Amino acid sequence: MIVKKFEAVDMQEALKLVKNEMGSNAVILSTRSIKKGSGAFGLFGRPVIEVTAAVDYEQKSEVRSQKPAPASSKQGTEDRKKNLSLTTSMIEPLRDDITDLKEMIKNITGQPPVNSHQLKNDEVKELKTMMGFIIKHSGMAEDFGMAQECLIPYQKMLSRGIDEKYASELINRIQNTGVGSQNDNIALARVADELMKTIKTSGPILKENGSQKVVAFIGPTGVGKTTTIAKLAAAETFAKKRTAIITIDTYRIAAVEQIKIYAKIIGIPVDVVLTPEDLADSINMHRDKDIIMIDTAGRSHKNDAQLLEISEFLNPPSPPFNKGENGGIETHLVLSANSDERNIEDTIDSFKEVAKIDRLLFTKLDETSLFGIIYNQHSRTGIPLSYFTTGQKVPEDIEAATPERVADLILQLSKNGA
C-alpha cells in the first residue's frame, strides 16, 4: 500500500494530482485546510488543501508502467521503507477515519469490512484490524524479510516511538530463534521477552540493609525535579527511613519555598546551601540519615557555565564522604518523557560532560504515548532506569522502573500500558 499527501489550491486540483499520481483507484483518507507561506506559524500564508490518499500496490501498477523503471532494486526497497514509515505515522489519524478505511477495504477487496460497532469499545483490536488489512495487501513482510506475524509487533514499536534500529534488532532476535507460530500475539509476547532482557533498572534508591545514600537529582528546567524529590522523600519517610533534603537551587525563591513546604509536611529537615563547601558540611551534618536527597537548579544543556556550576557541586576535589557511585553522590538525570527526543538526547550528552550519570529518571509519563523514547535513550547510553512519575500527586504518582513496566508501556500488554 502507498500512502501519500498532496497539496493544492483547491479540492479539484488536489483530486487531479491524486489521480495523476496514484490512479483512479486511489482512496481519499483525509482532507484538511492549512496555511503555507511567510510569517510565524504560517499566519500570513495562503490557504491550501492537504489531501492524504492511499492506493494498493497492485492497483497502482498501471500508473507505474507509465513511469521510468527505478534505478535499482535498492531504491525500490528504500521507497517501500519510506512508505512503511509514512503508513505508521498515519495510524493515529486513522482513528478518526474509520469510515474512509472501511470504504478503502471495500474498494480493494470487494469484501465487506469488519463491523466497526463490534470494535469501537476495543481500540487495540480496531488498530490491529487496520494494520492486518494493510499488511495483507501491501507485501511489507516480503519487502522487509520479516515473518508476517512480526509486522504487528514491529509496527506497534514504531508507533510508540522506538527507533527503527532497535525495533529491527528485537524482531531479528525472535526470528533468529524461531517465532514458533503464525500468530502475532505470540510474536508480541516474544518481543516483550526480548525487550525486557535488554533493560537495566536500578530498583529503589535505598535497598534493605543498605548504607547511607547521597543522591542528587539534576536536569533541565521544568522536568519536575523538586516534585519528584518530594515524592521519593515522602515514600522513604513512610517506609521508616531517616531522610533529609538539601537544596542548591537558590536561583528560584519559589523552588526553595516549595521544597521547604514539602519537607515540613513530611516532617524531615531541609538545608539550603550556597557553595560546594556548604554542601559537604551539610552532608556531614546528616551522617545519621539513611538517605540524603539533593535538589539542584534546572540547567539548560546549552549553557556551559551553568553546567560547570553543577559539576563543581557534584565533583568536589576532596569529598569528605565516600558513598554512592559518583565520588560520594549517586546522580539521577531527570528527563521529561514528553520532550522531543533529539532534545532529550542532547541533554543527556551535555550533562554527561560535567557529571557521571548513574541513573535516568523519566517524569510526565501521563503526558505522552511515545514511551519508546525511554527505551531508545536507555539502549543508546546503557544507563539504568530508576523511576517513572505519572502525575502531580505526592507521593502517589511515582514508581520504580522495571523491565516489565517498560515493555507494558511500549507494547500495551495490559489495559494500564498506556
task: Kindly indicate the residue of region 323-363 that is part of a loop (DSSP other than H, G, I, E, B) and under 11 Å from the mean Cα position of the chain (by Cα) and also surrounded by the most Cβ atoms within 10 Å (Cβ to Cβ) among those meeting that condition.
output: Ala337
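Table: residues versus (1) among the charged types (D, E, K, R); (2) closer than 28 Å to Glu367 by Cβ; (3) not assigned by TED's automatic domain parsing to the domain that holds Ser311.
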| position | (1), (2), (3) |
| --- | --- |
| Ala230 | no, yes, no |
| Ala234 | no, yes, no |
| Ala244 | no, no, no |
| Lys260 | yes, yes, no |
| Lys264 | yes, no, no |
| Gly267 | no, no, no |
| Pro276 | no, no, no |
message: What's the number of the only condition in (1) at pLDDT 90 or above; (2) touching a Phe, Trp or Tyr at 6+ places or on another chain (Cβ under 7 Å); (3) farther than 24 Å from Leu314 by Cα that Asp193 fails to meet?
response: (2)
- request: Take Lys241 and decide whether it is in a loop (DSSP other than H, G, I, E, B), closer than 23 Å to Thr389 by Cα and of a type outside the set (Val, Ile, Thr).
  value: yes
message: Going by what's in this entry, would Ala263 be described as touching a Phe, Trp or Tyr at 6+ places or on another chain (Cβ under 6 Å), surrounded by 20 or more Cβ atoms within 10 Å (Cβ to Cβ) and in a helix (DSSP H, G or I)?
response: no
- request: Give the residue, chosen from Lys240, Lys197, that is surrounded by fewer than 18 Cβ atoms within 10 Å (Cβ to Cβ), of a type in the set (D, E, K, R) and under 20 Å from Thr402 (Cβ atoms).
  value: Lys197
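Do we find that Lys231 is closer than 22 Å to Arg359 by Cβ, modelled with pLDDT of 90 or more, in a loop (DSSP other than H, G, I, E, B) and not acidic (Asp, Glu) in this structure? Walk me through it before giving the result.
Working: closer than 22 Å to Arg359 by Cβ: yes; modelled with pLDDT of 90 or more: yes; in a loop (DSSP other than H, G, I, E, B): no; not acidic (Asp, Glu): yes.
Against the criterion (closer than 22 Å to Arg359 by Cβ, modelled with pLDDT of 90 or more, in a loop (DSSP other than H, G, I, E, B) and not acidic (Asp, Glu)), Lys231 does not qualify.
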query: Would you say Val63 is in a helix (DSSP H, G or I) and either touching a Lys or Arg at 6+ places or on another chain (Cβ under 6 Å) or at pLDDT below 65 (or both)?
result: yes
field: Residues within region 353-408 that are touching a Ser or Thr at 6+ places or on another chain (Cβ under 7 Å) and farther than 27 Å from Ile310 by Cα, tallied
entry: 5
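Yes/no matrix, rows are residues, columns are (1) farther than 26 Å from Glu396 by Cβ; (2) modelled with pLDDT under 85:
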site: Ser159; (1), (2): yes, no
site: Lys165; (1), (2): yes, no
site: Ser211; (1), (2): yes, yes
site: Phe217; (1), (2): no, no
site: Pro220; (1), (2): no, no
- line: Residue count, region 367-412, condition more than 21 Å from Glu164 (Cα to Cα), hydrophobic (A, V, I, L, M, F, W, C) and assigned to a helix (DSSP H, G or I), comes to 0
field: Cβ pairs under 8 Å, 6+ apart, first in region 393-410 and assigned by TED's automatic domain parsing to the domain that holds Val334 and over 27 Å from Asp193 (Cβ atoms), second of a type in the set (Phe, Trp, Tyr) and assigned to a helix (DSSP H, G or I)
entry: Val394/Tyr262; Pro395/Phe238
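The values are calculated or read from the model by the stated rules, or taken from the named source; none is laboratory data. In this text the structure is predicted, and so the values were computed from the model without any measurement. Don't worry about glycine lacking a Cβ; one is built from the backbone with ideal geometry, like all the others, and counts go over all protein chains shown.
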